[in-house]
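> Could you have a look at this structure, given as structure tokens, before my questions?
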Amino acid sequence: MQGAQVISGGQGTDPRWSLRGATALVTGGSKGIGLAIVEELAKLGASVYTCSRNEADLAQCLESWQAMGLAVTASACDISSRRERESLMEKVASAFDGKLNILVNNVGTIMVKPTVDYTPEEFYQITVTNFDSAFHLCQLAHPFLKASGAGNVVFISSIAGLAHADVGSVYAANKGAMNQLTRSLACEWATDNIRVNSVAPGLIKTPLGDELGKAFAAKVVRRTPLRRPGHPQEVSSTVAFLCLPAASYITGQIITVDGGVTVNCVSKFD
């Protein structure tokens with residue numbers, strides 16, 4: 001599947017605020033936060049490769065991106081499959097001549113139920129999708145990030161990895177592990193000129209967020225100082241900033257985009 005060839009964005013005179021000439025891989029870019037990230041990076045001038053399990057969704061997105069004049073290429077990939085991840089990285093390396101500036105590990109899934117009710121199969125599926133895939137893609141992408149001379153890894157984590165809740169323990173554990181991986185890789189890969197950060201959204205209006213249910217979402221909103229859920233573009237703008245040359249001294253950080261919920265320990269709205 002081929003994307004548009006025209007690069008849009010990055011027109012400013014200050015190169016610190018442009019991604020013109022940069023290359024990026026964003027997993028799960030056909031909907032929600034991933035879709036917003038793809039468009040944000042491309043509008044800043046990056047050439048973006050993305051993937052999704054649903055090829056029909058990708059085809060529809062590519063048509064839209066082409067109409068917008070964005071340089072986006074895509075292919076179908078089940079990110080939970082190790083073999084398909086390896087195939088994806090081969091395609092990305094070929095598309096970008098063996099150099100990758102940005103890797104955004106966005107794909108994730110959630111299942112909310114009591115801890116004792118998770119089956120081994122459910123535990124595995126959540127973990128392989130949320131954490132194992134991100135860890136493996138980092139391994140696969142490392143030589144290409146290093147070859148670019150200025151690499152960036154951004155994990156899409158969650159406030160579930162920073163704060164506690166009475167549901168979703170497997171999801172939260174995966175996001176906590178992702179946050180620690182962020183710190184570890186930031187230290188380990190600094191000498192390769194690769195920065196590693198994590199963005200931890202709160203409740204965001206996405207198909208994945210909808211799976212939490214209206215009652216749970218209402219509870220989160222009541223504890224959120226801004227008193228509303230976030231939008232995908234409010235996450236994608238943070239991701240884009242971390243990838244810009246302007247953020248060149250930021251690494252190893254977990255940045256929350258949550259309307260203030262993680263700092264709101266006591267609230268009159270409870």
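The values are calculated or read from the model by the stated rules, or taken from the named source; none is laboratory data. Please read these numbers as outputs of a predicted model, since none were measured by experiment. Positions of Cβ are backbone-derived with ideal geometry, glycine not excepted, and every protein chain shown enters the neighbour counts. When the accessible area is computed, the model is the full protein with side chains, heavy atoms only, and any ligands, DNA or RNA have been set aside. Shrake-Rupley method; radii C 1.70, N 1.55, O 1.52, S 1.80 Å.
> Output the Cα-based Rg and Dmax of region 7-101 in Å, rounding Rg to one decimal and Dmax to a whole number.
Rg, Dmax (Cα atoms, Å): 13.1, 42.
> Expected output is a single nm value to one decimal: the length gained when fully extending between T191 and A215, i.e. 0.36 nm times separation in residues minus the C-alpha distance. What is it?
Length difference between fully extended and current span is 4.0 nm.
> Something else now. Just add up the charged neighbours of S198: K/R +1, D/E -1, any other residue whose Cβ is under 12 Å from the Cβ of S198.
Spelling it out: positives minus negatives among the neighbours equals +3.
> Next up: Quick one: which residues, 5 or more positions from A200 or on another chain, have an amide H under 5 Å from its amide H? H modelled 1.01 Å from N in the peptide plane, none for Pro or chain starts.
S157, I255, T256, V257
> Continuing with the same structure: What shape does region 19-261 take by its C-alpha gyration tensor, where a ≥ b ≥ c are the square roots of the eigenvalues and a/c under 1.5 counts as rounded, a/b above b/c as prolate, and the rest as oblate?
rounded
> Highest mean first, how do 165-172, 153-160 rank when packing is the count of other Cβ atoms within 10 Å averaged over residues?
The peptides rank, most packed first, as 153-160, 165-172.
> Now for a separate question. Anything in the chain that counts as a DSSP H helix reaching 15 Å or more along its axis (C-alpha) with Kyte-Doolittle mean of at least -0.5? List them, would you?
The qualifying helices are 32-43, 55-68, 133-148, 169-188, 232-243.
> Would you work out which of S248, L25, Q139 lies farthest towards the positive end of the dipole of the chain? Charges go on Cβ: Lys and Arg +1, Asp and Glu -1.
My answer, from the dipole projection, is S248.
> Within the set K43/K91; K31/K99; K99/K205; K113/K175; K113/K219, which residue pairs have Cα atoms separated by over 24 Å?
Those over the limit are K31/K99; K99/K205.
> Round to a whole number: what % of the accessible area of region 19-261 belongs to carbon and sulfur, probe 1.4 Å?
54 percent
> Now for a different question. Write down the accessible area per residue of region 19-261 in Å², having rolled a 1.4 Å probe over the full set of protein chains.
44 Å²
> I would also like to ask the following. Might you report the magnitude of the Cβ-based charge dipole of the chain about its Cα centre, with Lys and Arg at +1 and Asp and Glu at -1, to the nearest 20 debye?
Result for the chain is approximately 680 debye, rounded to the nearest 20.
> Separate question: So, in nm, how far is label S64 from label K31 when the simple model puts each one 7 Å beyond its Cα toward the Cβ?
About 1.1 nm, to one decimal.
> Once you have the Cα-Cα distance between Y249 and A150, take 0.36 nm times their residue separation minus that, and quote the gain in nm to one decimal.
Full extension of this stretch gives 34.4 nm more.
> If the chain between E122 and R227 were fully stretched, how many nm would it gain, using 0.36 nm times the residue separation less the Cα-Cα distance?
Full extension of this stretch gives 34.5 nm more.
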